[in-house]
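What follows is one structure encoded as structure tokens, with my remarks underneath.
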Amino acid sequence: MDHAIVMAGGLGTRFWPESRMSRSKQFLDLTGGGSMIVETVRRLLPLVPRENVWVVAGEKDAPHLSARKLGIPPGNILLEPEGRNTAPAVAFAAACIESRDADAVIAATPADHAVANAASFRSVLRKGLRLARRTDRFVTLGITPDHPATGYGYIERGTPFGAGRKDVYLVRRFTEKPDLRTARRFLRTRRFYWNSGIFIVRAATYRNRVERFLPPVHRELEKVFRDGGKKGFRSRLRRAYARMPSISVDYGILEKEVGILVIPSDFGWNDIGTWWSLHEFLGGAGKNVTTGEVILSDCRGSLVRSDRGVVAVIGMENVVVIRSGDAVLVCPRNRSEEVKGIAEEVKRKFPALA
């Protein structure tokens with residue numbers, strides 16, 4: 001059957017002060033439709049049965065994970081003892097799934113991305129699930145770029161997968177986040193797509209590639225699932241995670257795998273990676289976007305949010321102003337990438353506010 005894995009790890013420090021150590025980005029309501037993770041699960045449920053939707057997150061995030069709110073069985077919330085990036089997280093989830101469904105196909109998606117057209121997203125994902133089952137290959141979703149973004153990795157397509165097809169291609173290579181000049185060149189060639197971080201594959205194939213490319217991860221998880229049922233499971237898992245490397249699916253597997261497929265996609269995707277990208281998703285350049293008790297006078301192109309008290313801004317253009325609890329952030333919109341560094345400094349100087 002088809003299954004979905006929602007990857008809900010990560011800290012989202014670029015969204016300080018709303019995102020804190022105690023509440024990561026994926027548990028915030030940034031777009032007005034509910035928390036990012038709830039919105040992600042809602043997009044999946046019309047396509048995948050609720051009993052086949054799995055969330056993998058850190059133990060520290062357990063207070064924010066409600067099976068009732070997510071609409072999935074409590075046993076489908078998988079808690080990692082500590083963060084080890086996406087490759088071990090998906091390996092853990094895939095092992096749980098495969099123990100119940102040996103023929104499972106998994107679609108892995110980040111918990112904190114936004115999609116404007118959910119129906120189109122499900123249509124593309126459905127195609128990917130069928131393709132992965134039929135071909136036994138990794139299938140990725142590449143977002144057709146509309147501007148030379150420097151904040152995303154890219155996927156370069158190769159030849160069409162099948163004579164005359166223009167809807168599926170072999171992947172030629174994955175690239176790192178480019179500089180602006182390179183991103184402009186990528187856009188001109190029309191061969192590059194933004195890497196959405198969403199991939200689809202048979203659970204057994206994923207396990208095989210983990211064994212081939214990441215033997216320590218495979219070895220440790222084998223011990224967890226082999227050495228006796230539920231009794232002592234958490235202790236075994238904790239020991240296993242302590243010995244695992246921290247590595248992403250991209251670095252650990254996809255960049256080493258051959259024959260990966262990419263489906264060009266356009267469903268209004270945004271990784272909501274910074275306050276700037278949130279502003280673009282909600283309103284776009286030149287418009288003000290506000291949340292909470294906010295008063296603006298002679299302002300343009302700004303994002304202003306307050307969850308406590310009134311925030312008033314006069315005569316500002318292209319700024320981000322965030323009032324969250326006991327902290328305030330003010331910065332030019334085009335420097336919102338630097339919030340991660342500020343969050344790290346806050347952690348050093350004022351740990352209670354991090």
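The values are calculated or read from the model by the stated rules, or taken from the named source; none is laboratory data. These numbers come from a predicted model, not from an experiment. Virtual Cβ from ideal backbone geometry, glycine too; neighbours counted across all protein chains shown.
Here Arg236 fulfils each of the conditions (1) under 26 Å from the mean Cα position of the chain (by Cα); (2) farther than 22 Å from Leu11 by Cβ; (3) in the same structural domain as Phe27 (by TED's automatic domain parsing) apart from (1). Taken over region 15-36, the residue count meeting the criterion of being under 14 Å from the mean Cα position of the chain (by Cα) and not in a loop (DSSP other than H, G, I, E, B) is 4. When Ala183, Ala132 are checked against the criterion of being over 19 Å from Asn52 (Cβ atoms), assigned to a helix (DSSP H, G or I) and in contact (Cβ under 8 Å) with a residue 12 or more places away in the chain, Ala183 stands alone in meeting it.
Whether any residue in region 73-91 is in a helix (DSSP H, G or I), in contact with a Phe, Trp or Tyr (Cβ under 6 Å, 6 or more places away or on another chain) and surrounded by fewer than 21 Cβ atoms within 10 Å (Cβ to Cβ) is what I want to check. Spell out the reasoning first.
Just the residues of region 73-91 that are in a helix (DSSP H, G or I), to begin with: 74-76, 86-91.
Now narrow it down to the ones that are in contact with a Phe, Trp or Tyr (Cβ under 6 Å, 6 or more places away or on another chain): 76.
Among the residues that remain, those that are also surrounded by fewer than 21 Cβ atoms within 10 Å (Cβ to Cβ) are: none.
The answer is no; no qualifying residue exists.
If I filter region 38-62 down to residues being more than 19 Å from Arg100 (Cα to Cα) and assigned to a strand (DSSP E or B), which single residue comes out as farthest from the chain's Cα centre (by Cα)? Going through the qualifying residues, I end up with Gly58. With the condition kept exactly as written, say whether any residue in region 41-56 is within 27 Å of Phe281 (Cβ to Cβ), out of contact with any Gly (no Cβ under 9 Å at 6 or more places or on another chain) and modelled with pLDDT under 95. Yes: one or more hits.
Across region 267-306, the qualifying residues are those that are acidic (Asp, Glu) and farther than 18 Å from Phe199 by Cβ, and the one among them that is surrounded by the fewest Cβ atoms within 10 Å (Cβ to Cβ) is Asp298.
Residues in region 153-166 that are more than 23 Å from the chain's Cα centre (by Cα) and surrounded by 13 or more Cβ atoms within 10 Å (Cβ to Cβ): 3 in all.
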